[in-house]
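Chemist: Got a structure here, written out as structure tokens. Questions coming.
The values are calculated or read from the model by the stated rules, or taken from the named source; none is laboratory data. Since the model is a prediction, treat every value here as computed from it, not as a measurement. Because the Cβ atoms are built from the backbone with ideal geometry, glycine has one as well, and the counts that use them run over all protein chains shown.
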Amino acid sequence: MDRFKGKTVLVTGAASGMGLAATRRFIQEGANVTMLDIDEAKLNKAAADFPPDRVLVRAGDTAHKDTARGAVAATVERFGRLDILINNAGIASEGDIMQTSEEDFERVMAVNVAGYFHMAKAAMPELVKARGSIVMTSSVSGLGGDWEMFAYNTSKGAVSNMVRAMALDAAKHGVRVNAVNPSFTNTGMTQDMLADADLVAKFEERMPLGAPEDADGVAAAMAFLASDDARLITGVNLPVDAGLMASNGQPAQ
Ligand SMILES: NC(=O)c1ccc[n+]([C@@H]2O[C@H](COP(=O)([O-])OP(=O)(O)OC[C@H]3O[C@@H](n4cnc5c(N)ncnc54)[C@H](O)[C@@H]3O)[C@@H](O)[C@H]2O)c1
């Protein structure tokens, strides 16, 4: 498929996991991609797998507004346009409110919420020109609570509503804004969880299509939401969760 031929995509958190899978998917479907990540070494290694004329590599921390402005300007300079923003770079943090330090809370909110804001704000003028779209990686953790993930839940809840609020305002400019809401996915973020067989078994009980999810499956949903096939869809938080949210929470019998 060539759904994104002639289009340019900016992916944050592109060195690993879902961001890397999204980069691969958009390149396969014809797009040029700006890969942005805080981990420069990992980013350069990941980008080496793609045709150099189709990728732009940018190292930076999305929590800083200058990173966002610089990445958008460099994208337009190199590829002439920006059609799609994949707002995906995120960090996790464990602990209930008493275990969560002020510093951890502030960093999670700076990356997972303010970072998405800076990227979306910097991208909007170009997306308006292109009548483009944004896909944000929220989480099932942005649709309900988890035990002992206070800061992460707070941040992802904000992303889920950022998408709804932005979608209402952006529609008048022809720009769509949606989220994917994955559950437990095999990425860099979950390597500790994957090593815990009991925990994996608990997720398998809750995810009827199986756990963990693969990042390519999440990237496929991102590509759908960013594509013209989803031209009537905006403001949606799409669970990409192997069926987890289909449950009302009562245990299996
Ligand atoms: N893995 C899961 O189970 C899961 C489930 C639901 C949602 N998510 C979300 O998916 C998104 C992608 O995470 P992943 O699971 O692919 O993890 P990952 O750790 O494999 O990838 C995240 C990437 O983001 C980069 N990054 C982190 N902070 C950054 C910053 N400030 N600026 C720029 N880049 C930064 C990291 O260097 C890394 O390459 C995150 O928003 C995460 O919260 C993950």
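Chemist: Just a yes or no: is a residue in segment 153-175 in contact (Cβ under 8 Å) with a residue 40 or more places away in the chain, farther than 23 Å from Thr100 by Cβ and under 15 Å from the mean Cα position of the chain (by Cα)? Lay out the reasoning, then the answer.
Modeler: From segment 153-175, those in contact (Cβ under 8 Å) with a residue 40 or more places away in the chain are 154-156, 158-160, 162-164, 166-168, 170-171, 173-175; that's our starting set.
Those still in the list that are farther than 23 Å from Thr100 by Cβ too: 163-164, 166-168, 170-171, 173-175.
Add one more test, that the residue is under 15 Å from the mean Cα position of the chain (by Cα), and what stays is 163.
Taking every residue of segment 153-175 in turn, at least one turns out to be in contact (Cβ under 8 Å) with a residue 40 or more places away in the chain, farther than 23 Å from Thr100 by Cβ and under 15 Å from the mean Cα position of the chain (by Cα).
Chemist: Considering every residue within segment 198-215, establish whether at least one is within 16 Å of the ligand (Cβ to nearest atom) and within 20 Å of Asp37 (Cα to Cα).
Modeler: Scanning segment 198-215, I find at least one residue that is within 16 Å of the ligand (Cβ to nearest atom) and within 20 Å of Asp37 (Cα to Cα), so the answer is yes.
Chemist: What tally of residues in segment 12-24 results from selecting those that are more than 12 Å from the ligand (Cβ to nearest atom) and either buried (at least 24 other Cβ atoms within 10 Å of the Cβ) or without any contact (Cβ under 8 Å) to a residue 24 or more places away in the chain (or both)? Before the answer, list the steps.
Modeler: Of all residues in segment 12-24, those more than 12 Å from the ligand (Cβ to nearest atom) come to 24.
Restricting the remaining residues to those that are either buried (at least 24 other Cβ atoms within 10 Å of the Cβ) or without any contact (Cβ under 8 Å) to a residue 24 or more places away in the chain (or both) gives none.
Residues flagged as more than 12 Å from the ligand (Cβ to nearest atom) and either buried (at least 24 other Cβ atoms within 10 Å of the Cβ) or without any contact (Cβ under 8 Å) to a residue 24 or more places away in the chain (or both) within segment 12-24 amount to 0.
Chemist: Now a separate question. Restrict the check to segment 236-247 and report whether at least one residue is more than 22 Å from Gly174 (Cβ to Cβ), exposed (fewer than 15 other Cβ atoms within 10 Å of the Cβ) and without any contact (Cβ under 8 Å) to a residue 40 or more places away in the chain. Talk me through it step by step, then tell me what you get.
Modeler: So in segment 236-247, the residues more than 22 Å from Gly174 (Cβ to Cβ) come out as 239-247.
Imposing the further condition that a residue be exposed (fewer than 15 other Cβ atoms within 10 Å of the Cβ) reduces the set to 243, 246-247.
The next check asks that each one be without any contact (Cβ under 8 Å) to a residue 40 or more places away in the chain; those that pass are 243, 246.
Within segment 236-247 (the criterion being more than 22 Å from Gly174 (Cβ to Cβ), exposed (fewer than 15 other Cβ atoms within 10 Å of the Cβ) and without any contact (Cβ under 8 Å) to a residue 40 or more places away in the chain), the answer is yes, since at least one residue qualifies.
Chemist: While we're here: Picking from Ala219, Ala151, which residue would you name as being buried (at least 21 other Cβ atoms within 10 Å of the Cβ), closer than 22 Å to Gly13 by Cβ and in contact with a Lys or Arg (Cβ under 7 Å, 6 or more places away or on another chain)?
Modeler: On the way: Ala151 fails: in contact with a Lys or Arg (Cβ under 7 Å, 6 or more places away or on another chain).
Only one candidate passes the filter, namely Ala219.
Chemist: Could you please let me know if Ala73 is small (Gly, Ala, Ser), more than 15 Å from the ligand (Cβ to nearest atom) and more than 15 Å from Gly115 (Cα to Cα)?
Modeler: Details: small (Gly, Ala, Ser): yes; more than 15 Å from the ligand (Cβ to nearest atom): yes; more than 15 Å from Gly115 (Cα to Cα): yes.
So Ala73 fits the description; yes.
Chemist: Being among the acidic types (Asp, Glu), closer than 19 Å to Asn178 by Cα, touching a helix residue (DSSP H, G or I) at 6+ places or on another chain (Cβ under 8 Å) and at pLDDT 95 or above is true for just one of Asp228, Asp241. Which residue is that? Quick ask: steps written out before the conclusion?
Modeler: Details: Asp228 fails: touching a helix residue (DSSP H, G or I) at 6+ places or on another chain (Cβ under 8 Å).
That would be Asp241, the only listed residue that is among the acidic types (Asp, Glu), closer than 19 Å to Asn178 by Cα, touching a helix residue (DSSP H, G or I) at 6+ places or on another chain (Cβ under 8 Å) and at pLDDT 95 or above.
Chemist: Hey, does segment 99-118 have a residue that's on the phi > 0 side of the Ramachandran plot and modelled with pLDDT of 95 or more? Spell out how you get there, then give the answer.
Modeler: If we filter segment 99-118 for residues that are on the phi > 0 side of the Ramachandran plot, which is where we start, we get none.
Looking for residues that are on the phi > 0 side of the Ramachandran plot and modelled with pLDDT of 95 or more, one finds none in segment 99-118, hence no.
Chemist: Another question, if that's okay. For the condition assigned to a loop (DSSP other than H, G, I, E, B) and within 15 Å of the ligand (Cβ to nearest atom), what is the one hit in Thr34, Thr62, Thr67? Please lay out each step first, then the result.
Modeler: Values: Thr34 fails: assigned to a loop (DSSP other than H, G, I, E, B); Thr67 fails: assigned to a loop (DSSP other than H, G, I, E, B).
Criteria check complete, one pass: Thr62.
Chemist: Hey, among the residues in segment 182-193 that are near the ligand (Cβ under 7 Å from one of its atoms) and of a type outside the set (Gly, Ala, Ser), which one's surrounded by the fewest Cβ atoms within 10 Å (Cβ to Cβ)? Lay out the reasoning, then the answer.
Modeler: Residues of segment 182-193 near the ligand (Cβ under 7 Å from one of its atoms): 182-185, 187-190.
From what is left, the residues that are of a type outside the set (Gly, Ala, Ser) are 182, 184-185, 187, 189-190.
Values: Pro182: 27, Phe184: 24, Thr185: 24, Thr187: 21, Met189: 16, Thr190: 18.
Per the stated criteria, the residue is Met189.
Chemist: Here's another thing I want to ask about it. For segment 76-102, how many residues are assigned to a helix (DSSP H, G or I) and either within 13 Å of the ligand (Cβ to nearest atom) or closer than 21 Å to Ser141 by Cα (or both)?
Modeler: If we filter segment 76-102 for residues that are assigned to a helix (DSSP H, G or I), which is where we start, we get 76-79, 102.
Cutting the leftovers down to either within 13 Å of the ligand (Cβ to nearest atom) or closer than 21 Å to Ser141 by Cα (or both) gives us 102.
Going through segment 76-102 one residue at a time, the tally reaches 1.
Chemist: Taking the conditions exactly as written (away from the ligand (no atom under 12 Å from the Cβ) and either charged (D, E, K, R) or outside any loop (DSSP other than H, G, I, E, B) (or both)), does Val9 satisfy them or not? I'd like the intermediate steps shown before the answer.
Modeler: Working: away from the ligand (no atom under 12 Å from the Cβ): yes; either charged (D, E, K, R) or outside any loop (DSSP other than H, G, I, E, B) (or both): yes.
Against the criterion (away from the ligand (no atom under 12 Å from the Cβ) and either charged (D, E, K, R) or outside any loop (DSSP other than H, G, I, E, B) (or both)), Val9 qualifies.
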